[in-house]
Amino acid sequence: MVEQPASAEQSASAGTTGSATGSAAARPQVPLLLSLVFLVYLAQMTLSPIIAPLAREAGLREWQIGATVSAAAVMVVLTSQFWGKRAQTHGTKPVLATALVLGATTMALFAWAAALGMRGVVTGAALVALFVMLRGVGFGLAISAVAPTAQTYIARVTDTEETRVRGMAGVGAVQGVAMIAGAIVGGVLASFGLLVPLIVIPALLALAALVTLVSLRPEPRHELIEHPARVRPTDSRVWPFLLAGFGMFTALGFFQIIIGFIVQDRLALDGRMTALTTGGVMLIAGIGMVVAQVVVVPRSGWSPATLLRVGSTISVIGFGLLAPNAGLTLLLIGTVFVGFGLGVATPGYTAGPTLLMRRDEQGGLAGLIGATNGLTFVIAPALSTALYGVWPLLPVVVSGVLMAIVAVFVFVHPRFRVLREAPARGD
């Protein structure tokens, strides 16, 4: 189909939610929503510093824990659009509450399975199956609701490019803060034993579910959308952003899943010191991301396209610094560059296409973004851990090459030069 230029009314409608009226819009609960997002990602990131030593303590190989993470990502790909549309038809509160209760239940069962594995009660294929079903399928289904629901809500209650970018940056910022806090919490709790963080994780998710049920207001019925529009990934307003985001988060996924193995093998550490040091590395990455999204993005006033260009370029430099095996200092510097760059680029990726979509398309778009992010973690964990077994530097090289391709793409593709010319819906 040939796209037609938008009318003034269409452009205005694409850049606004058009329905941010009434008491809920007058007093949007964005801070509360971001707090809930924080608790969910804090729970997820608390596991990250211990995942490598936990796998080895339980007798699992690198590719098996990679397959577990990939299984969670498959669920994100399969269900993100469902959750995004569900948030528009049923509202933010019931979607989040359902997802959080599911997440708390599955992670409590995962802690039990991990304890059995570490004690040698359950081993081999049975243990892998439990890990995949609980941390993979169950928790993946739960967490796939969080980002699309939050992004749909923010798209509904914001009506300018500046507020939309700030709101989407807020989601990224709390994820970065969660990375920092999770690195600290996971690393410190692991010093008391690898099972301790696993007990805390479902408690955090249960707390988030309780806060959701008690404090989050449901949307007025007139603001719900009975039949949200389907958004195709091939839509010309959308696919360039999805492709850029796919490249960015695949590069991140290649690095993120192997960071514990890099720390342990490059620095020759035992399990507990690996967890503590990995927590420190993740802390640095989180600081870079938070500084970018709390300080740089809101104050810069940059368009989504500029955010993508600047952020991807900085991340390329970071991956270059991670390549040499030159000790902890260079590893930390490279990590902070990667985190800072992605912190700058991500709000451009998530906010940019929302400015081109109608209100009834926002849920489908948020689901597409969530599915794209999930798809990267279907591919990256299993592939990066397999490549790490071939040559430990190979996943880092692949990450850097992918990020460089993204940087070139967002500089040259015309969509990022005409972003503010919101076109009519195209296929």
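Readers should treat all values here as calculations from the given coordinates under stated rules, not as data from a laboratory. Quick caveat, the model's predicted, so the values are computed rather than measured. Counting neighbours? That spans all protein chains shown, and the Cβs are built from the backbone with ideal geometry, glycine included.
Can you tell me the 0 to 90 degree angle between the C-alpha axis of helix 30-47 and the longest principal axis of the chain, rounded to 10? The angle comes out at about 20 degrees.
Average projection, convex hull of the Cα set of the chain: 18.8 square nanometres.
Residues ILE405, ILE369 in ascending order of nearby Cβ atoms (within 10 Å, fewest first): ILE405, ILE369. Using a Förster distance of 41 Å, how high is the FRET efficiency between VAL295 and LEU213, based on the Cβ-Cβ distance and rounded to 0.05? Using R0 = 41 Å, I get an efficiency of 0.75.
A straight line joining the Cα centroids of the range 306-366 and the range 49-80 runs 23 Å.
Annotation for the range 137-160 versus the range 162-193: alpha-carbon center distance of 16 Å.
Relative contact order of the chain: what whole-number percent is it, with Cα pairs under 8 angstrom and at least 6 residues apart?
31
Packing-based ranking of 222-229, 372-379, 299-306 yields 372-379, 299-306, 222-229, ordered from highest to lowest mean Cβ neighbour count within 10 Å. A full extension of the chain between THR234 and VAL188 corresponds to an added length of 12.1 nm, given 0.36 nm per residue minus the alpha carbon distance.
Fewest-first ordering of ARG232, ARG358 by other beta carbons within 10 Å of each residue's beta carbon gives ARG232, ARG358.
For the peptides 337-344, 285-292, 319-326, 381-388, the ranking by packing is 337-344, 285-292, 381-388, 319-326, with the highest mean count of neighbouring Cβ atoms within 10 Å listed first. Here the range 69-93 is scanned for amide nitrogen atoms under 19 Å from the site 7 Å beyond the Cα of LEU394 along Cα-to-Cβ, giving 70. Relative to the dominant Cα principal axis of the chain, helix 328-351 is inclined by about 30°. One equal scatterer on each Cα of the range 277-427, no solvent, Debye formula: the resulting log10 I(q)/I(0) at q = 0.14, 0.19, 0.20 Å⁻¹ is -0.77, -1.28, -1.36. Find which of ILE314, ALA251, TRP302 sits farthest along the positive direction of the dipole of the chain, computed with +1 on the beta-carbon of Lys and Arg, -1 on that of Asp and Glu, about the Cα centre. Ranked along the dipole, the leading option is TRP302.
With distances taken between every two different alpha-carbon atoms, the range 29-104 has a Kirkwood hydrodynamic radius of 14.5 Å.
Computed over the alpha-carbon atoms, the range 201-294 gives an Rg to Rh ratio of 1.13, Rh here being the Kirkwood radius from the mean inverse distance. Convex hull volume of the C-alpha atoms in the range 98-187, normalised per residue: 101 Å³.
Seen from a random direction on average, the alpha-carbon convex hull of the range 315-376 projects onto 5.0 square nanometres. Divided by 2.2 N^0.38 Å, where N counts the residues, the Cα radius of gyration of the range 130-284 comes to 1.28.
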